[in-house]
Amino acid sequence: MTETKRDRQFRPVPVPSVVLGGLFGARQDAVCDTTAETLLDRCVEAGMLKAIDVDQPSPGVVIPYHSMSPTVPATEHKAMVSTQMFWDSDLGKSIETVAYSLYRKPNPQLEARVDAIVDLYGRLQREDGYLNSWYLRVVPGREWTNLRDTHELYCAGHLIEGAVAYYQATGKRKLMDVMCRYVDHIIGKFGHGPDQIAGYCGHEEVELALVKLARATGEQKYMDLSKYFIDERGTEPHYFDIEARRDGRDPQNFVFGSYHYNQSHQPVREQTKVVGHAVRAMYLYSGMADIATEYNDDTLTAALETLWDDLVTKQMYVTGGIGPSAANEGFTDYYDLPNESAYAETCASVGLVFWANRMLGRGPNRRFADIMEIALYNGSLSGLSLDGKTFFYENPLESAGKHHRWIWHRCPCCPPNIARLVASIGSYMYAVADDEIAVHLYGESSVKAEVAGTRIELSQATRYPWHGAVRLTLKVEKPTRFAVSLRLPGWAKGARLSIDGGAVDLAAVTVDGYARIEHEWTGGEVIDLELPLIPRALWADPRVRQDTGRFALMRGPLVYCTEAVDNGEGLNALTVTGDPARAGESEVAALGGAVALDIEATRDLSAGFDGSLYREAPPATEPVKARFVPYHLWDNRAPGEMLVWMRGGSKKSGA
């Protein structure tokens, strides 16, 4: 297999350029019909609009402070936070979700609600461009005094992303102009000059948002600001130490007592281990990858590839979930991947999709795209119910029946995050360079783009991920030579490719796990890709002690699980005896036509224990059929137990 050079620049296609059907089309419809409005409704119920309405009295502290460190005195608010500080980010992501939904289904009522919110932000903005509802309405005069803890630039980042999406959806520039004025203010505030601060945010996010703003406006200064924040992070003297002393705080009195928590313990190019808060890490690496692409920065790419391997080989769940610990919402030790207590925040998997997608900016590579797909279908999509009304914050891989979707959360970052990802997923499926279009993800869709100076339309006809046949057709404005790169998933053993019925030698055209077909396309060509969807058992490295002696079942990119609604209570009493590769397949109407898998198994019986907890003889067993359903769809029917890692399985099929 040949490898590509890093001097190419691939950028995702705009969201409006892709129309989706199939699984993601249905999920986007749920976002349009339900989730987008739900997000705005619940932001209003939480009091977020009152916080930005200058015609109403300041709401004050609605959500109480909580300490960022157990040693901080209860009266010392300077080193404490309230989730109310993040409200601008929640509104920004909700606006972004609405914007993406308007691409698919125009909704004048929803659009008018966002217009009203935009008007409120326009009136709230200070004359010098500054814009943050917490600092303008609750603690005025405290701005730029605690970047470490209070998410000031993080909130700006999400508002920027919302502004860009809303402009692209509606053509309305008001919020974009508001945010450009704010970023111009930030540019003047940050740096090494007189009266500037050489800082960066404690919660990364603004870095990737600034890249979006630069691409949308063509303003290089916004790209340069993103690069500044990345280059500055973790340098000495440490900005957060300087900031704390200037604000009368003890620099050592910090959550978890380490800057590993927010990835500022070292300059980013020197970091080799993924540590700290999982969402912060994913947003940072996403911004780094964007800057690596835009500046052709091999030093950033090399650092990111080291961090990538550290994550996916030692710290990632089979679902693409990351961050096992609730204590720091993040990473612990290598191979520490508990199942029932897994935190695996929805936002973290969404962030992994962001990062993986941006790693493809320097060229298609299965190494990143396969993980993007796994994190998308499993770790992320599980966070949103089929009807778009309820959510998961944590995503365990085992439940005793007490973990259920909820309506809202005191820190409602995950609902709009998964909603905006689902609503924009078309832009993650395709990317274009000057003379190439890459297909990273499969699904019923069509994309319009410009490649090699000509307008093209590429369509996929498929029932993927339920079926593995993908037919791609091309329309071109005029006969043009360019490349089409198609991902060949690592699990797709025996994949086949043909063009107009003629077989293609995959070994001869595969580059970094993609079939790269360079051709003079005339339009009307038909490309057929067959991806075998054979159920397979996956076994964990024995150092993942929680999974020893168990297997996880996958079919294509989907992780499967057992649920009590299909198998009864006591899922840990099941032992799979059949070969996963020979599993029976059937569609489940209640789960949107998802393919379920049925495999021979036995169940341990409690009969004969006669009231005793232990006995010398092993339990009796009975033969059963174990039903597996896609993990991302669990808890969409009746509440009950769920289990991913099972006893038994055929080691041969997982080899």
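The values are calculated or read from the model by the stated rules, or taken from the named source; none is laboratory data. Computed from a prediction, not measured in an experiment: that's the story for all the values here. Cβ placement follows ideal geometry from the backbone for every residue including glycine, while neighbour counts extend to all protein chains displayed.
Would you call Leu506 over 15 Å from Leu474 (Cβ atoms) and modelled with pLDDT of 95 or more?
Yes; evaluated as a whole, the condition is true for this residue.
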| task | Evaluate the following for His238: is it more than 25 Å from Cys413 (Cβ to Cβ), out of contact with any Leu (no Cβ under 6 Å at 6 or more places or on another chain) and free of Cβ contacts under 8 Å to residues at least 40 places away in the same chain? | result | yes
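Looking at Gly608, Gly593, which one is touching a Lys or Arg at 6+ places or on another chain (Cβ under 8 Å) and surrounded by fewer than 16 Cβ atoms within 10 Å (Cβ to Cβ)?
Result of the check over Gly608, Gly593: Gly608.
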| Has the stretch 294-310 got any residue that is at positive phi and modelled with pLDDT under 95? | no
| Of all residues in the stretch 421-452 being of a type outside the set (Phe, Trp, Tyr) and closer than 17 Å to His632 by Cβ, which is nearest to the chain's Cα centre (by Cα)? | Leu421
| field | Members of the stretch 522-553 that are basic (Lys, Arg) and more than 28 Å from the chain's Cα centre (by Cα) | value | none
| What pairs can you find where one residue is in the stretch 468-494 and without any contact (Cβ under 8 Å) to a residue 40 or more places away in the chain, the other is outside any strand (DSSP E or B), and their Cβ atoms are less than 8 Å apart, with a gap of 6+ or different chains? | Gly494/Pro532
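Would it be correct to say that Glu305 is more than 17 Å from Arg543 (Cβ to Cβ), free of Cβ contacts under 8 Å to residues at least 60 places away in the same chain and either among the charged types (D, E, K, R) or part of a helix (DSSP H, G or I) (or both)? If you could, list the steps in order and put the result at the bottom.
Details: more than 17 Å from Arg543 (Cβ to Cβ): yes; free of Cβ contacts under 8 Å to residues at least 60 places away in the same chain: yes; either among the charged types (D, E, K, R) or part of a helix (DSSP H, G or I) (or both): yes.
Yes, satisfied.
Please state which one of Tyr167, Tyr103, Tyr65 is closer than 30 Å to Val447 by Cα and modelled with pLDDT under 95.
Working: Tyr167 fails: modelled with pLDDT under 95; Tyr65 fails: closer than 30 Å to Val447 by Cα.
Of Tyr167, Tyr103, Tyr65, the one residue that is closer than 30 Å to Val447 by Cα and modelled with pLDDT under 95 is Tyr103.
Just one of Glu641, Glu563 is surrounded by 15 or more Cβ atoms within 10 Å (Cβ to Cβ), in contact (Cβ under 8 Å) with a residue 40 or more places away in the chain, in contact with a Phe, Trp or Tyr (Cβ under 7 Å, 6 or more places away or on another chain) and of a type in the set (Asp, Glu); which is it? Write out each step before concluding.
Working: Glu641 fails: in contact with a Phe, Trp or Tyr (Cβ under 7 Å, 6 or more places away or on another chain).
Answer to the selection: Glu563.
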| query | Within the stretch 162-177, which residues are touching a helix residue (DSSP H, G or I) at 6+ places or on another chain (Cβ under 8 Å) and either aliphatic (A, V, I, L, M) or surrounded by fewer than 24 Cβ atoms within 10 Å (Cβ to Cβ) (or both)? | reply | Ala163, Val164, Ala165, Tyr167, Gln168, Ala169, Thr170, Lys172, Arg173, Lys174, Leu175, Met176
| said: Can you find, within the stretch 252-275, the residue that is surrounded by the most Cβ atoms within 10 Å (Cβ to Cβ) among those that are closer than 14 Å to Trp308 by Cα and in contact with a Ser or Thr (Cβ under 7 Å, 6 or more places away or on another chain)? | reply: Arg269
| said: Looking at the stretch 413-430, can you tell me whether even one residue there is at pLDDT 95 or above, aromatic (Phe, Trp, Tyr) and not in a strand (DSSP E or B)? | reply: yes
| query | Taking the stretch 509-524, which residues are outside any strand (DSSP E or B) and either on the phi < 0 side of the Ramachandran plot or at pLDDT 95 or above (or both)? | reply | Val509, Asp512, Gly513, Thr522
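Does Leu591 qualify as being under 18 Å from Pro623 (Cβ atoms), within 30 Å of the chain's Cα centre (by Cα), of a type in the set (A, V, I, L, M) and at pLDDT 95 or above? Talk me through it step by step, then tell me what you get.
Numbers: under 18 Å from Pro623 (Cβ atoms): no; within 30 Å of the chain's Cα centre (by Cα): yes; of a type in the set (A, V, I, L, M): yes; at pLDDT 95 or above: yes.
No; evaluated as a whole, the condition is false for this residue.
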| field | Matching residues in the stretch 263-281 - criterion: being outside any loop (DSSP other than H, G, I, E, B) and closer than 17 Å to Arg148 by Cα | value | Val268, His277, Ala278, Val279, Arg280, Ala281
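Of all residues being assigned to a loop (DSSP other than H, G, I, E, B) and more than 27 Å from the chain's Cα centre (by Cα) in the stretch 636-653, which is modelled with the highest pLDDT? Just the residue, please. Give the derivation first.
Just the residues of the stretch 636-653 that are assigned to a loop (DSSP other than H, G, I, E, B), to begin with: 636-641, 644-645, 649-653.
Applying the additional criterion that residues be more than 27 Å from the chain's Cα centre (by Cα) yields 649-653.
Working: Gly649: 70, Ser650: 62, Lys651: 52, Lys652: 51, Ser653: 44.
Once the filter is applied, the top-ranked residue is Gly649.
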| note | Over the stretch 219-242, the set of residues within 22 Å of Cys180 (Cα to Cα) and either not assigned by TED's automatic domain parsing to the domain that holds Gly157 or not in a helix (DSSP H, G or I) (or both) is Glu219
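On the basis of being at positive phi, outside the structural domain of Thr34 (by TED's automatic domain parsing) and assigned to a loop (DSSP other than H, G, I, E, B), does Gly401 make the cut? Can you show your working first?
Details: at positive phi: yes; outside the structural domain of Thr34 (by TED's automatic domain parsing): yes; assigned to a loop (DSSP other than H, G, I, E, B): yes.
Judged against the criteria, Gly401 is a match.
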